[in-house]
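Reading through the structure tokens given below for one structure.
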Amino acid sequence: MKLTEKQKRFIDFYLETGNQTEAARRAGYKQPHVQGAQNLEKLREPIETRLAEMEDARIAKADEVLKTLTRVLRREEKDTVVVTCKQHRSFYDENGKKVTEDVEAPVTVEIPTQVRDLNKAAELLAKRYGLLTDNVKVSGEGVVQIVDDIAGKASQSD
């Protein structure tokens, strides 16, 4: 379906506002109440397609997750912490008396990735690539034989 520029604007404004009348008015339609309802019905498929694209862009894919974990592991990602810095200031007041002030100010500082985060990233990557072998998978074929010897034990204890 080939869309006109006005229809494309309607879709953009509808996705932005969620209101068909407002979208039609902003797109330039002369009767926004009527044409908004008509466009919403007629353009349902392109609207749904755009919504799906927008939703897909919000969700991290596997390669993005792996890249982020790798950056953390290599300590390329930075953490941000707030520290309190003291500033010491001395001056003389109007009477000539020495005054000392300590002023505390919060400062944001970037620090390298913490070791616990690095370890967690390494663990998650190792699990992804099957490097951890805590759980050994055993498979094979065999015959299972069930022996009913309960009756025999009961008679021996009597």
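One table, with the values for the structure above:
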item	result
Residue match in the range 62-74 (condition: farther than 30 Å from Lys127 by Cβ and either modelled with pLDDT of 90 or more or among the hydrophobic types (A, V, I, L, M, F, W, C) (or both))	no
Given (1) at pLDDT 90 or above; (2) farther than 30 Å from Lys67 by Cβ, number of the condition Val109 does not satisfy	(2)
Among the residues listed as Leu125, Leu51, Leu73, Leu118, the single one being more than 17 Å from the chain's Cα centre (by Cα) and in the same structural domain as Leu40 (by TED's automatic domain parsing)	Leu51
Test for Glu123: is it of a type outside the set (Gly, Ala, Ser), closer than 30 Å to Glu22 by Cβ and part of a helix (DSSP H, G or I)	no
Residue check for Leu43: touching a residue at least 40 places away in the same chain (Cβ under 8 Å), closer than 30 Å to Arg116 by Cα and touching a helix residue (DSSP H, G or I) at 6+ places or on another chain (Cβ under 7 Å)	no
Some residue of the range 82-96 being of a type in the set (A, V, I, L, M) and at pLDDT 90 or above	yes
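The values are calculated or read from the model by the stated rules, or taken from the named source; none is laboratory data. Predicted model only: the values in this text are computed from it and were never measured. Positions of Cβ are backbone-derived with ideal geometry, glycine not excepted, and every protein chain shown enters the neighbour counts.
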